[in-house]
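Notes follow the structure.
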Amino acid sequence: MQRVRAAPPLVVLSIAWLVLMVYAFPGQMTADTFDHLKEARTGVYTDSHPPAMNLVFWCAEQLVAGPFAILVLQSVVFLAGLHALLRRTFAPNRAAWIASGLFVFPPILVTMAVVWKDSLMAAMLVLGLVGLLDARRSLRIAGLLALFAATAVRYNAFAATFPLVILVFELRPGTPWLKRYAIALAAWLAITGAAFTLNAALTDQRMYYWHSSLAVHDIVGTLAHVDTISDAELERLFEGTELQQHQDIHGHIRKRYTPRNFFPIVTAPAGLWHLPVYGADPGPKPQRDAIERVWKEVLTTYPGAYVQHRLAVMVEVLSLTRGIPSWPVAKREFEYPQTVLDMGMSTRASTLQHELTSWLTGLNRFTPLFKPWMYLAIAILLLAATRRHRDVFALLSSGIVLESSLVLLAPTPDYRYSHWMVLATCLSIVVLVGRRARPAHTCV
């Protein structure tokens with residue numbers, strides 16, 4: 001046992017990485033992943049998802065076709081970053097064991113196994129925090145660059161980077177607090193603005209995805225929580241939006257609305273609108289303008305109902321009422337296997353991979369391990385224990401703020417949206433416990 005504990009950190013970390021490879025190889029893919037891969041190959045970038053992620057795919061495919069190179073990138077950066085962070089509290093060997101344990105902890109592993117912007121964002125956030133905490137200015141600047149990358153590949157990552165930069169970044173140690181925070185704010189604005197500018201520059205075709213997703217979901221969700229409105233009033237309200245239903249409109253609104261998904265609203269044959277959610281052809285401008293007008297009018301007229309709708313969505317995001325969180329474990333089966341084959345990918349998985357997927361699905365079904373509300377509650381409670389641990393306070397705040405952004409921005413309750421908050425909470429727990437046990441390693 002002593003020899004096992006004394007194993008070199010690289011050996012320990014490599015074993016953990018191989019565990020992920022056994023489960024994830026060559027990189028699990030979902031509809032979002034295939035969208036990025038398709039656009040990377042065609043060279044036509046839309047902004048439905050961050051086009052910077054398409055660029056990452058294009059670069060990766062110059063090395064290995066398919067998702068494997070990105071799986072290696074996100075997993076290696078993530079694992080190395082975890083170890084570097086934990087070395088601030090623990091000896092190198094112990095840090096390697098703890099990093100490996102976090103790496104293969106099911107609520108963390110299931111997202112890192114999928115080639116997603118969420119997974120790469122988490123890796124870059126960890127790497128960025130490592131850089132910001134370093135004593136060398138060059139590495140603190142490099143940390144900002146990693147956070148820029150996180151924001152470039154995930155639109156709402158700016159909510160996660162804000163606490164990290166504001167609370168941790170110091171251009172020069174000893175700078176007066178007001179000047180220090182002003183510089184940190186300027187740095188955060190710079191990396192956030194640069195990330196959005198990069199995505200705008202990479203975009204070949206704007207899709208105005210908000211109009212086809214969150215906007216109509218907010219409209220329908222708000223109206224679903226108000227008293228019945230006549231068809232005549234709703235026809236006037238929806239003029240120009242190309243509404244598909246013209247009888248018992250409010251009844252159709254209530255029937256099609258679910259806080260879990262906007263797709264029933266926009267898909268044929270019974271959807272309220274036919275709006276583009278795939279492809280590279282946006283809806284016509286007059287329709288988009290009309291939807292934007294209706295969104296503003298509905299939300300300003302019924303603010304209380306809008307709050308009810310968004311809280312209903314957040315209840316689903318946190319899995320407060322449902323027994324099973326939404327899709328933490330990616331399926332092995334593909335909805336459109338022919339599309340996968342046409343792109344040169346395999347639809348097969350090993351027997352062991354199927355068994356591991358079934359086991360993880362069982363954990364989701366029969367244990368609370370994947371319930372985001374539990375990690376959010378723990379994160380909030382832990383804030384009181386971080387008075388002398390600014391780095392842990394920043395980490396917890398990052399997870400909480402990103403999770404809070406979902407109140408306004410979540411289109412569906414996918415578990416991956418909460419992954420960073422889950423990770424930040426788990427990492428903070430082990431660091432705080434380690435520092436309480438060994439006060440000499442406390443870092444601020």
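The values are calculated or read from the model by the stated rules, or taken from the named source; none is laboratory data. Please read these numbers as outputs of a predicted model, since none were measured by experiment. Neighbour counts run over all protein chains shown; Cβ positions are idealised from the backbone, glycine included.
Brief remarks on what is shown
- Meets criteria (touching a residue at least 24 places away in the same chain (Cβ under 8 Å), in a loop (DSSP other than H, G, I, E, B) and either within 19 Å of T321 (Cβ to Cβ) or within 24 Å of the chain's Cα centre (by Cα) (or both)) for L369: yes
- Identity of the residue in the stretch 256-282, without any contact (Cβ under 8 Å) to a residue 12 or more places away in the chain and closer than 24 Å to E316 by Cβ, that ends up surrounded by the most Cβ atoms within 10 Å (Cβ to Cβ): T258
- Filter pass, A305 being farther than 30 Å from T42 by Cα, among the small types (G, A, S) and touching a residue at least 60 places away in the same chain (Cβ under 8 Å): yes
- Candidates in the stretch 22-35 are the residues that are of a type outside the set (G, A, S), touching a helix residue (DSSP H, G or I) at 6+ places or on another chain (Cβ under 8 Å) and not in a loop (DSSP other than H, G, I, E, B); of these, the one that is surrounded by the fewest Cβ atoms within 10 Å (Cβ to Cβ) is V22.
- Condition check for T351: without any contact (Cβ under 8 Å) to a residue 60 or more places away in the chain and surrounded by 13 or more Cβ atoms within 10 Å (Cβ to Cβ): no
- Scanning the stretch 36-47 for residues that are assigned to a loop (DSSP other than H, G, I, E, B) and in contact with a Ser or Thr (Cβ under 9 Å, 6 or more places away or on another chain) yields Y45, D47.
- Residue list for the stretch 213-236, restricted to those being out of contact with any helix residue (DSSP H, G or I) (no Cβ under 6 Å at 6 or more places or on another chain) and of a type outside the set (D, E, K, R): S213, L214, H217, S230, A232
- Meets criteria (touching a Leu at 6+ places or on another chain (Cβ under 6 Å) and either among the aromatic types (F, W, Y) or more than 24 Å from P413 (Cβ to Cβ) (or both)) for G279: no
- All positions within the stretch 385-399 that are among the charged types (D, E, K, R) and either in a helix (DSSP H, G or I) or modelled with pLDDT of 95 or more (or both): R390, D391
- Here M53 meets the list (1) buried (at least 22 other Cβ atoms within 10 Å of the Cβ); (2) touching a Cys at 6+ places or on another chain (Cβ under 7 Å) almost entirely, failing just condition (2).
- In summary, G251 fulfils each of the numbered conditions (1) out of contact with any helix residue (DSSP H, G or I) (no Cβ under 6 Å at 6 or more places or on another chain); (2) farther than 15 Å from T412 by Cβ; (3) part of a loop (DSSP other than H, G, I, E, B) with the single exception of condition (3).
Quick grid of which residues meet (1) touching a Gly at 6+ places or on another chain (Cβ under 6 Å); (2) surrounded by fewer than 21 Cβ atoms within 10 Å (Cβ to Cβ); (3) under 15 Å from V431 (Cβ atoms):
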{"residue": "A95", "(1), (2), (3)": "no, no, yes"}
{"residue": "M112", "(1), (2), (3)": "no, no, no"}
{"residue": "K117", "(1), (2), (3)": "no, no, no"}
{"residue": "L129", "(1), (2), (3)": "no, no, yes"}
{"residue": "D134", "(1), (2), (3)": "no, yes, no"}
{"residue": "R137", "(1), (2), (3)": "no, yes, no"}
{"residue": "A146", "(1), (2), (3)": "yes, no, no"}
{"residue": "A152", "(1), (2), (3)": "no, no, no"}
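- Evaluation of Y209 against the conditions (1) crowded, with 22+ Cβ neighbours inside 10 Å; (2) at pLDDT below 95 shows that the sole unmet condition is (1).
- Test for Q287: is it closer than 26 Å to Y45 by Cα, crowded, with 16+ Cβ neighbours inside 10 Å and not aliphatic (A, V, I, L, M): yes
- Taken together, the residues in the stretch 191-201 that are surrounded by fewer than 17 Cβ atoms within 10 Å (Cβ to Cβ) and not hydroxyl-bearing (S, T, Y) amount to 5.
- Screening the stretch 268-361 for helices (runs of 4 or more DSSP H) wholly inside it with 3 or more residues that are of a type in the set (A, V, I, L, M, F, W, C) returns the ranges 285-301, 303-317.
- Restricting attention to the stretch 91-149, the residues being closer than 15 Å to I191 by Cα and in contact with a Ser or Thr (Cβ under 6 Å, 6 or more places away or on another chain) number 1.
- Selection count, the stretch 154-183, where residues are over 21 Å from the mean Cα position of the chain (by Cα), β-branched (V, I, T) and crowded, with 23+ Cβ neighbours inside 10 Å: 0
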